[in-house]
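Everything on this sheet refers to the single structure shown next.
The values are calculated or read from the model by the stated rules, or taken from the named source; none is laboratory data. None of these values were measured; they are calculated from a predicted model. Positions of Cβ are generated from backbone atoms using ideal geometry, with glycine treated the same way; all protein chains shown enter the neighbour counts.
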Amino acid sequence: MVKIMEKKKIIYVLLFLGMIIATVSVCSAHGNLWDDDMFSMHIDINDQGWGHVSDIIVYQGDSSKIKAEPWIQMTDSYTVPWTDVYMTIYNKYGDEVHGDKAETNWLGNAYFHTPSNLPLGTYRIKICSYAHAVSSKELYNETWANLIVKDPVKDNPNAEACGWIINARNLIQGQHIPIVALLNTTHINNYKNQTPDENSELGNVSYVVFDNAGDVVKNSSVSLKLTKHHVIVSCPFDVSDLNPGTYRVQLQCNGNQFIKPSTTETNFTVYSKDSQLSVSNESTLNVTQGNDAQVIALINNAGIAHMVPCDAPKANVTFTVFDQNYNVVTGDTFTAKVVDGHYVAYMDWNTGKFKPGTYKLHMAVNGNPFLTDCDTWTTITIYTN
């Protein structure tokens, strides 16, 4: 079926209309060749066709774009460019609440936007236009439609329930890292003109941190933003002053026209910075001169086994080798790595240039704000070949 739009022809120049009007004037002097009843005017809304207008739905706080297309029915259908079109909105009592005027473009289309501040409810929209082309009488037509303003969350099929993922990250006392990362993985689908602009503000999320006794120890809010059609938010609140213990973080999203309200919560633990240093291979520190003596030092902290390795604070172990008179013969500082829930640091000492005998080895962790200072001693024995 050929659409009504495809049947209409665009009047590209007003000269054509002028020629017709002149012809009609001449004909009028010698008797009407074209009867006024041959001409009629119609208005289509949103390309729905004359007399077939569906309800126009808009969500409170937003506006909807309306297309109006006046056209004249002669021997064929012609759109009317560069003519005024009027839109009037009435409430349920018949009172006018909004009025606007637009001019059709060269294609014969005019565009309106409904106001964004209308209360919830049903309204009537009248769109009308006048034209004087080709007829001795003024052509007029009006089209009516319902405008329904709906609740932006309850009635909006685009509004989704919050799909938050709370990544409450365990940490050691004194650490300052974002322990809550929130990500709404629900894609915000395009819904008419309801999709927000990239990086637009979408409201706030409130979060509260409770201790074991249920007392509030932290609370704040953070803005929601849209990035690549996903809602992403991060809560980098400072928990470095929290004492060791288990805490509960509660997240509350008040919702907007895209996300329904929801509340969710989870727990995280702050571990003590108390640490101990030990050697894991005491029984193997006897080597033949010229071979490497490998020392494996462990920093033991209860929190390390319960943390994501990338969240573990950096730690170094300083190795110092002394002779029997406590003269320093070698030493260095090595970075500890997280292995199987422990800090592990390695020192490889090549004994080729050192005399046989027993050496004292001191290992220490100092100056780390997230670990207590700790140290330990062991011995290395070098035998002759």
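A few comments on the model shown:
- With respect to the conditions (1) at pLDDT below 90; (2) buried (at least 19 other Cβ atoms within 10 Å of the Cβ), Cys374 lacks only one, and its number is (1).
- Wholly within segment 207-286, strands (runs of 3 or more DSSP E) carrying at least 1 residues that are at pLDDT below 90 and out of contact with any Cys (no Cβ under 6 Å at 6 or more places or on another chain): 216-227, 230-235, 245-253, 262-271
- Considering segment 73-122, the residues that are small (Gly, Ala, Ser) and within 14 Å of Ile43 (Cβ to Cβ) include one that is surrounded by the most Cβ atoms within 10 Å (Cβ to Cβ), namely Ala110.
- Output for segment 57-79, where each listed residue is under 14 Å from Asp151 (Cα atoms) and not polar (S, T, N, Q): Ile57, Val58, Tyr59, Gly61, Asp62
- Meets criteria (aliphatic (A, V, I, L, M), crowded, with 16+ Cβ neighbours inside 10 Å and modelled with pLDDT of 95 or more) for Met363: yes
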